[in-house]
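Colleague: Here it is: the structure, laid out below.
All of the numbers you see were taken from the coordinates with simple rules; none came from a lab. Bear in mind that the values here come from a model prediction, so they are computed numbers and not experimental data. Methodologically, a virtual Cβ is constructed for each residue, glycine included, from the backbone with ideal geometry; neighbour enumeration extends over all protein chains shown.
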């Protein structure tokens, strides 16, 4: 076995073991036929999904692993495949995916390659270029072939090769018709406000298309200095919302949103911790503004909280109407897009997540027009979709 493949397999065993529990549950569900029948425990009443007058639902942040791309990962990165991809058939089996979608009339998807770890975390700077092109080409084929299912795709980039990433951005948007790019909250430990990534933000600002940020935190990032790795899945369950929040803060205080006004950035999992901590952000940075220890605040023309409100957030928190209302009060109805993390983190490969999410949005104490924005219109405007 080559050193590269051995290192990759060691990485996936170490970093992705926590996902095996979800994967085994998913496999059990698949073997039981869950997802192929309307009579599953989580979806016994199909009519409920179709009773809303808000029929069009654009999942703006669904995850996929295109079939041919997946097969390459299965052969070259078997640890990654065995721990994650192989455990979630709807990532690469379109018939299985469509059976799940059919439970929710009016549902269409925007495709993003998933799951974690990031491409640059397991593939070298040359291999990542080939894999990104392969995944993007295949997503373009899927969108073209299944226009009634997939309304757009977001480009996967080889972020450990920034020059190639910029070229792939142009190719994906200009030639393939993609409607944004997909990056992680850190690039192999580098923050998104690193100087080398600024040309990418500028390019997306000029295209007037969004940057999608997905959180990522390696299991080697321990919660305590006395330990070497995370425990109890804390890195993903709690660490990822923190990673989203940290990435947002770096983008705000580095001045990226000041330099590129109107830049569109979509955050996963409802904007991380930011909506919940609105007043802490306001009060603490007001205190620091009067301190010589925070000169970065004087470089901003607006209060910090105003920049945090410039981000977009998806609804991928698996339901929870009060939390969605908090996001609504923070971001406003115009900056929330539908997302359910499909098919990940769900024993039923998205059946439960969709039902929970749709039900939670319908229960929000907002107008029907605002719900329609969240379900579809915001994604149509943000991604410039002709749906």
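Colleague: Distance from the Cα centre of the range 68-143 to that of the range 231-260, in angstrom?
Modeller: Centre-to-centre distance over Cα atoms comes out at 24 Å.
Colleague: Another question about this same structure. Sum -39500 (n - 2.57) across every DSSP H segment of at least 4 residues in the chain, then divide by the residue count to get the 222 nm mean residue ellipticity, nearest 500.
Modeller: Theoretical 222 nm ellipticity from helices: -12500 deg cm²/dmol.
Colleague: Which ordering of 243, 126 is given by a fewest-first count of other beta-carbon atoms within 10 Å?
Modeller: Listing 243, 126 from fewest to most nearby Cβ atoms yields 126, 243.
Colleague: Regarding the range 171-233, what is the average projected area of its C-alpha convex hull, in nm²?
Modeller: 5.7 nm²
Colleague: Moving on to the next point. Over every pair of different alpha-carbon atoms in the range 224-299, take the mean of 1/r and invert it; report that Kirkwood radius in Å.
Modeller: 14.5 Å
Colleague: Same structure, new question: In the range 316-386, if every C-alpha pair distance is counted and binned at 5 Å from zero, what percent goes to each bin?
Modeller: Computed distribution, short to long bins: 4, 18, 26, 24, 17, 9, 1.
Colleague: Based on alpha-carbon atoms only, what is the radius of gyration of the range 3-383 relative to the globular estimate 2.2 N^0.38 Å?
Modeller: 0.96
Colleague: With the contact rule set at Cα under 8 Å and sequence spacing of 6 or more, what percent relative contact order holds for the range 116-264?
Modeller: Result for the range 116-264 is 20 percent.
Colleague: Now a separate question. Using a 10 Å cut-off around each Cβ, can you sort 384, 217, 149 from fewest to most neighbouring Cβ atoms?
Modeller: Going from least to most buried by this count: 384, 149, 217.
Colleague: Which order results if 367, 359, 244, 169 are arranged by neighbouring Cβ count within 10 Å, fewest first?
Modeller: Ascending Cβ contact count within 10 Å gives the list 367, 359, 169, 244.
Colleague: While we're on this one: With contacts defined as alpha carbon pairs under 8 Å and 6 or more residues apart, what's the relative contact order of the range 3-383 in percent?
Modeller: Normalised by residue count, the contact order of the range 3-383 is 18 percent.
Colleague: Using only alpha carbons, build the gyration tensor for the range 90-185 and give me the equivalent ellipsoid semi-axes, biggest first, whole Å.
Modeller: 25, 15, 10
Colleague: How large is the convex hull of the C-alpha atoms of the range 233-361 per residue, in Å³?
Modeller: 105 Å³
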